[in-house]
Amino acid sequence: MDNLILAIESSCDETSAAVLKNGREVRSCVISSQIDIHKKFGGVVPEVASRNHILNISSVVSEAMEEAGATYDDLSAVAVTYGPGLIGALLVGVSYAKGIAAAKGLPLVAVNHIHGHIAANYITHPNLEPPFVCLVASGGHSHILYVKDYMEFEILGRTRDDAAGEAFDKIARVIGLGYPGGPKIEALAKEGRDDAMKFPRVEFSDAPYDFSFSGVKTSVINFLHTKEQKGEEVNKADIAASFQRAVTDVLVSHTIRACLDRCVDKVVVAGGVSANGALREAFERAASENNLELYYPQPVYCTDNAAMIGCAGYYKFLKGEFADSGLNAVANLKL
């Protein structure tokens, strides 16, 4: 029997709705981005994001249903991101999904946003199955996970301070590139040398898979301040390339180490940072050197989208893990 799931994602600054058939077939995926709105602020303003979710969500859901050629009577369930994320933004999606589920008598599936990022790879790679090691790297998250099964995860490592994407945004702002930082750093880095400066790579002897990106961020800022005080010119392309290399080296080495230690032959990369070309190239080299299969999503499924939430929700749906009308948003939800 085919199952059709409507999914809703509103954890940050994208309002998205999607309809999926049997978890991996995307019938529609509509994303309304607020990047242009938040650019002038240099980052996402939570209150502004929440207001725009309210304005957009009804039309986004309607467009997704129409594009899928589906009616609410065709649906098997409604899936929604309930955390982690911005509390006001999450509440818009959760409230809307609860309303649909209650009005149509549909099961409500509450999805962890990080689980969604992992599941994005199932859409791009229909034959991908656990177990595997997965790096989730985005503006708010940097985790290495051992994915034992579709609904069974073990966190092997995580950032102790900034997320990788957050560090990209901050450095982009410091060198005058603006928001969003990741794509701008990547574009500028192509014009520079990634060995021009030696920025730090942090390792923890007691937690070999953990990350810390505050050190490399501070190192770049101090380098720039020193140059400014001396009145010396700086090559921003070299800075961007060297910073990107420092972050990439750590993400790749820690993830590959975890994969080898767990004796799995599949390494998966997910989250907004997984769209970075330099990161993908580094992972491709490392995977080839260690005889590992490498997976990452199509670019559209790297950043926040409802299709990945629908895919993750499908596996919860199969297990009968439903939420009730008391479901609330949880800003700091853990996996």
* Structure fact -> When segment 35-51 is checked residue by residue, the ones that are within 14 Å of residue 14 (Cα to Cα) and either in contact with a strand residue (DSSP E or B) (Cβ under 7 Å, 6 or more places away or on another chain) or of a type in the set (A, V, I, L, M, F, W, C) (or both) are 35, 37, 44, 45, 48, 49
* To do: Could you check segment 106-202 for strands (runs of 3 or more DSSP E) lying wholly inside it with 3 or more residues that are of a type in the set (A, V, I, L, M) and in the same structural domain as residue 221 (by TED's automatic domain parsing)?
  => 132-137, 142-149
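Results for (1) in a helix (DSSP H, G or I); (2) surrounded by 17 or more Cβ atoms within 10 Å (Cβ to Cβ), shown as yes or no for each residue.
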{"residue": "206", "(1), (2)": "no, no"}
{"residue": "220", "(1), (2)": "yes, yes"}
{"residue": "228", "(1), (2)": "yes, no"}
{"residue": "233", "(1), (2)": "no, no"}
{"residue": "240", "(1), (2)": "yes, yes"}
{"residue": "245", "(1), (2)": "yes, yes"}
{"residue": "252", "(1), (2)": "yes, yes"}
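Can we say residue 275 is closer than 18 Å to residue 172 by Cα and touching a Lys or Arg at 6+ places or on another chain (Cβ under 7 Å)?
no
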* In segment 248-279, residue farthest from residue 290 (Cα to Cα) [restricted to those that are under 14 Å from the mean Cα position of the chain (by Cα) and of a type in the set (Gly, Ala, Ser)] -> 272
* Residues within segment 4-46 that are within 15 Å of residue 119 (Cβ to Cβ), within 19 Å of the chain's Cα centre (by Cα) and among the acidic types (Asp, Glu), tallied -> 1
* Asked: With respect to residue 189, is the statement that it is among the small types (Gly, Ala, Ser) and either more than 22 Å from residue 138 (Cβ to Cβ) or touching a Phe, Trp or Tyr at 6+ places or on another chain (Cβ under 7 Å) (or both) true?
  -> no
* **Long-range neighbours under 7 Å by Cβ, at least six apart or interchain, first residue buried (at least 21 other Cβ atoms within 10 Å of the Cβ) within segment 296-323, second of a type in the set (Phe, Trp, Tyr)** => 307/301; 308/301; 311/122
* Out of curiosity, is residue 266 closer than 21 Å to residue 80 by Cα and of a type in the set (D, E, K, R)? -> no
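The values are calculated or read from the model by the stated rules, or taken from the named source; none is laboratory data. Owing to the predicted nature of the structure, the values given are computational and were not obtained by experimental measurement. Because the Cβ atoms are built from the backbone with ideal geometry, glycine has one as well, and the counts that use them run over all protein chains shown.
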